[in-house]
Amino acid sequence: MAKVKAFTVTIEDKPGALGTCFRALAERGINILAFQSFVEEGESLTRFLVDNPASAKSVLGGLRMNFEETDVAVGRLAHKPGELGRAASVLGEHGINIDYSYCGLEPGSDKVLVVFGVDNPGKAGTLLDTL
């Protein structure tokens, strides 16, 4: 997958807000492949990777959500001990700093998708493709 577009959405921290966002994506047939969500300063910050970024952008815009598209590095890893450590180590050995990470599942595969927010997503993506 290498370098891809992911979304960072700021959502009001209240019951049902995240569900509203994710249901709207699902209603358009958009599959969330990986996500991370946490509360910071009274708002929910949610990062996610989808199978159809163009449609997701349209849905989020239609909901008038505060969002941004970001370049991230994505790797496909075997689901076994040590693989995440190996991927993170390879990035570090090449001077790439990891700002954040999250994971999900690749549809129709036994591979784990690991998403890295890094300072050089192109280089990181190329390195992850070699694992």
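Some observations on this one:
- Within-13-Å neighbourhood charge of residue 41 [Cβ basis; K, R +1; D, E -1]: -4
- The stretch 59-131: C-alpha gyration tensor shape, a/c 1.5 cut-off, then a/b vs b/c: oblate
- Distant-in-sequence amide H partners of residue 31 (H built 1.01 Å from N, under 5 Å): 51, 52
- Cα gyration tensor shape of the stretch 1-75, rounded if a/c is under 1.5, else prolate or oblate by comparing a/b with b/c: oblate
- Mean separation of Cα contacts under 8 Å (6+ apart) over length of the chain, as relative contact order %: 32
- Shape category assigned to the chain from the gyration tensor of Cα positions, a/c cut at 1.5: prolate
Read-outs throughout are calculated quantities, based only on the coordinates presented, and are distinct from any laboratory measurement. Just so you know, these numbers come straight off a predicted model, no measurement behind them. Cβ coordinates were reconstructed from backbone atoms using ideal geometry, including for glycine residues, and neighbour counts include every protein chain displayed.
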